[in-house]
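Following: one structure in structure tokens, then a few remarks.
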Amino acid sequence: MKKFILGFVIGIVFAGLVLVILGFAAVRMAGSIGGDRPVSVSDNAALILNLEGAVPEQPPVDVAVPFLRQPQPLTVLDTWKLLHRAAGDTRVKALVLEPRGLDAGWAKLEELRSEILDFKKSGKPVYAFLRNAGTREYYLATAADKIYMAPEDELDVKGLRAELLYLKGTLDKLGVSMEFEHVGKYKDAPDTFTRTSPSPETLEVTNQILDQYYGNLIQVMADGRKLPPGAVRGVIDQGPFIGKSALDGGLVDGLIFEDEMLAQLSSQVKTDLKKIGARSYSRTAAADPTGRARIAYVTGEGEITRGSPNEDVSDSGITAFGMIKQLRQVADDSSIKGVIVRVDSPGGDGIASDDILHEMKLLSKKKPLLISMSDLAASGGYFIAMTGDPVLAYSNTLTGSIGVFFGKVDLRGLYDKIGVKKELLTRGRYAAIDSEYKALTPDEREKVQREIQVFYRGFVERVAEARKRPYDQVEPLAQGRVWLGVQAKTNGLVDEIGGLDRAVEMIKQRTNIPASEQVSLVSYPPRRTLLELLLNRSNDNSELETAIQSAAGRLPWRSLAHGGVQRLMPYSLVVK
């Protein structure tokens, strides 16, 4: 009886807690519909752009519960809108950059830096104040007129490195074997599990990527600091820097504190500046004027999986069901004049990618469409961009990786170690081809290879059709090889090097909207609340995935867990 009463009380408390959370979320939703509390902007405002952590493409979930809520990160589109508006806002007299702990890729950094340079065209000064900054933060700061840091702070600029993770030695000790078949000599995603060191092909491509990123870093530092590229290389080789050494190397303009920097900025603009944060300033924006042309801005971010039929959008990657629902919603909205599809994905499930591409082509027949690539649009992420419409990438975008592979795990050795025994009883020649209790036989391996050859040829054919080139010209560019945006442009795999400004210009041209006319970019999916997330929760084990990633890095666990043929980027590359 006591256990029953205790369980009953715990159940009541838990239900009450859930109701409180849902209540806060509902109030927050109502507030967002009625409008957040207005934020006033001083006539002499200094906009503080304090980018920190990830800069997502897709709006994150808005947790409406006060004791759980954290500041929501600005998306790439949020920052683009923010700086465009601030440039023309007479109340905003200056921009202050305060990046810290950035976790953005190198293509996103290109976009953000370009947005800051565009803001400078307004004639308003831009200052940067760095706190414990690394190379990413400094990359952005080079767009500023002046860069400052505290006297005893560190500037951790010392070049770049790539880290490639290999797990075969660990798997061997556990008695686990990963079996893969792939097409394309560069399609080496399985190498993480089957090798103890990188292949010559992996080293070739990785070194090309490092050369591109490092060359771009040298160039932006040289342009921003007005130094010869050779001098920049010499300075980087002396890093990291503490205070005076950064000043002596010409990397910063002064060693002062933030309040002293703001005083100098106020003196320059001849007014006493009042700070306003980027998130607060974003809430001052009025709704887009009625009559302004609406352009859909559809984001696809993360690994591609099939997902669940009842979900509208996944909070941990691109799912075929969720993405297709978003595309159909755009297609059925008569107020949408054109579509920009923003892709930031390493790829994933081959069938899911095919489903998404099919829906993208249907949408393209209804409305003008173009593809804007972010940090990466590789393998399946590149595949879904092959609608035949214009494709834009940044010079630092990772793209291509036109190839497929099949993989499965063999746990027989592990089972033997821990005393697990299985008896396989089959009917059918290949009934146990995907069993985790046996290795692939030569006949099964040949069967898998035939299947993935069909997928590979289909992938290349779709690229050839979309890029309007013969198959024999595209296939040598495939082979699973990852290309950078500048290389992809040279090889005809993308149409232009450009970011959001260029994407908006091009979609205006394709929809016959005058170049001088402003448009409204409508996000799909929109920012969601905790209540919406709870009501649309799918079984994707995202918490478990996050825990695994924190221990073993950003490996394609979600895609591999679903098995089957994968259109997935060949490796997880972290450049620091």
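The values are calculated or read from the model by the stated rules, or taken from the named source; none is laboratory data. Keep in mind it's a predicted model, so treat the numbers as computed, not measured. Ideal geometry is used to build each Cβ from the backbone, glycine not excepted, and the neighbour counts take in all protein chains shown. These accessible areas exclude ligands, DNA and RNA; they are computed on the full protein's heavy atoms, side chains included. Shrake-Rupley method; radii C 1.70, N 1.55, O 1.52, S 1.80 Å.
For the stretch 351-507, the dipole from Cβ point charges (+1 on Lys and Arg, -1 on Asp and Glu) about the Cα centre works out to 360 debye, to the nearest 20.
Legend: residues 455, 405, 257, sorted from most to least accessible area (1.4 Å probe; ligands, DNA and RNA excluded), read 257, 455, 405. Of the GluC sites (Glu not before Pro) found in the stretch 299-367, not one falls in a DSSP loop while having at most 13 other beta-carbon atoms within 10 Å.
Each of 269, 252, 338 was placed along the dipole of the stretch 239-375 (beta-carbon charges, centred on the mean Cα), and the one lying farthest toward the positive end is 338.
Residue by residue, the stretch 227-243 carries 3J(HN,Hα) couplings of 10, x, x, x, 5, 5, 4, x, 5, 4, 5, 9, x, x, 10, 10, x Hz when phi is fed to the Karplus relation 6.51 cos²θ - 1.76 cosθ + 1.60 (θ = phi - 60°); x denotes Gly or Pro. Comparing 348, 374, 386 along the charge dipole axis of the stretch 269-393, the residue lying farthest to the positive side is 374, per the Cβ-charge model.
Amide H contacts for residue 520 (H built 1.01 Å from N in the peptide plane; partners 5 or more residues away or on another chain; cut-off under 5 Å): 293, 294, 295. Taking amide H as placed 1.01 Å from N in the peptide plane, residue 307 has its amide H under 5 Å from the amide H of 320, each at least 5 places away in sequence or on another chain. Where the alpha-carbon atoms of the stretch 455-522 are placed on the principal axes, they occupy 43, 21, 20 Å, in descending order. Residue order by solvent-accessible surface for 172, 389, 211 is 211, 172, 389, largest first, with ligands and nucleic acids left out and a 1.4 Å probe.
Accessible surface calculations at 1.4 Å, restricted to protein heavy atoms, place the stretch 440-530 at 48 Å² per residue.
The tail of the calculated P(r) for the stretch 156-231, taken as Cα-Cα distances beyond 17 Å, holds 60 percent of the pairs. Residues whose amide H falls under 5 Å from that of residue 410, counting only those 5 or more places apart or on a different chain, are 177, 178, 179, with hydrogens built in the peptide plane. Projecting label points 7 angstrom from Cα along Cα→Cβ for residue 268 and residue 131 puts them 2.1 nm apart. Taking all protein chains into account, the per residue accessible area for the stretch 207-246 stands at 49 Å² (1.4 Å probe).
For the stretch 182-340, what % of the accessible area comes from carbon and sulfur atoms, probe 1.4 Å?
C and S atoms contribute 50 percent here.
I need the Debye-formula profile for the stretch 419-498: one equal scatterer per C-alpha, no solvent, reported as log10 I(q)/I(0) at q = 0.15, 0.21, 0.23 1/Å, two decimals. After summing over all Cα pairs, the log10 values are -0.69, -0.95, -1.07.
Placing a pseudo-label 7 Å from each Cα along the Cα-to-Cβ vector at residue 158 and residue 72 gives an inter-label distance of 3.8 nm. For the stretch 207-307, applying the loop criterion from DSSP together with a ceiling of 10 other beta carbons within 10 Å to the trypsin sites (Lys or Arg not before Pro) yields 226, 270. The phi-based Karplus calculation (6.51 cos²θ - 1.76 cosθ + 1.60; θ = phi - 60°) puts the 3J(HN,Hα) values of the stretch 43-51 at 6, 10, 8, 10, 7, 9, 9, 9, 5 Hz, whole numbers, x for Gly and Pro. Its Cα centre serving as origin, the stretch 227-356 has a Cβ charge dipole (Lys and Arg +1, Asp and Glu -1) of approximately 580 debye. Of the cross-linked pairs 158/489; 187/438; 275/337; 366/489; 108/468, those separated by over 32 Å at the C-alpha level are 275/337.
Extension gain for residue 421 to residue 362 (0.36 nm times residue separation, less C-alpha to C-alpha distance): 16.3 nm. Note on residue 501 and residue 434: with the Förster distance fixed at 45 Å, the Cβ-Cβ geometry gives a FRET efficiency of about 0.45.
Averaged per residue, the stretch 282-380 has 35 square angstrom of accessible surface, using a 1.4 angstrom probe with ligands and nucleic acids left out.
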